[in-house]
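Below is one structure, written out as structure tokens; the observations come after it.
Please treat every number below as a calculation from the coordinates, not as lab data. What you are looking at is a predicted structure, and each value in this text was computed from that prediction instead of being measured.
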Amino acid sequence: MSDTAGWTKEERAAMRERAREAKRAQGAQADAEACAEKIAEMEPADRELARRVHDLVTSTAPELAPKTWYGMPAYAKDGKVVCFFQSGAKFSSRYATFGFQDVAALDDGAMWATSFALVEVTDEVAARIVDLVTRAVT
């Protein structure tokens, strides 16, 4: 039995992409360019969401470096991914996801959300993203 048994075709592709990312010794500029390329490759609806998230994250927390992570736009501090955008189309999901890794300082009691479904970036959603990113990096 293969180690990839039970994984979807899309998940296996994401894992292969992550392996390629890990092999590349990229600098900050190359990472930022790779992030922009991944956003540009997305389906139109996800691309617009990803661009809005990218603008919000980079303006709110300029200390986060854009990069790719499993083929998705991500934002890292000291080499560790803090938050990421996942295209809904990439995994045949009905919505995109904005999520956080465990290095994000979002702790709130015994349970808190680390990923959010994203279908539109309204003013209210933008404010929430700014708040979450601000909390994540402090």
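As a length-normalised measure over Cα pairs under 8 Å and 6 or more apart, the relative contact order of the chain settles at 21 percent. In this structure, the amide hydrogen of Ala76, modeled 1.01 Å from its nitrogen in the peptide plane, lies closer than 5 angstrom to those of Ala65, Lys67, Val82, counting only residues at least 5 positions away or on a different chain. Derived scalar couplings between HN and Hα for the stretch 55-69 equal 4, 5, 5, 5, 7, 6, 9, x, 6, 7, 9, x, 7, 10, 8 Hz in order, rounded to whole Hz, by the Karplus curve 6.51 cos²θ - 1.76 cosθ + 1.60 (θ = phi - 60°), x for Gly and Pro.
Eigen-decomposition of the gyration tensor built on the alpha-carbon atoms of the chain gives equivalent ellipsoid semi-axes of 23, 18, 17 angstrom, largest listed first.
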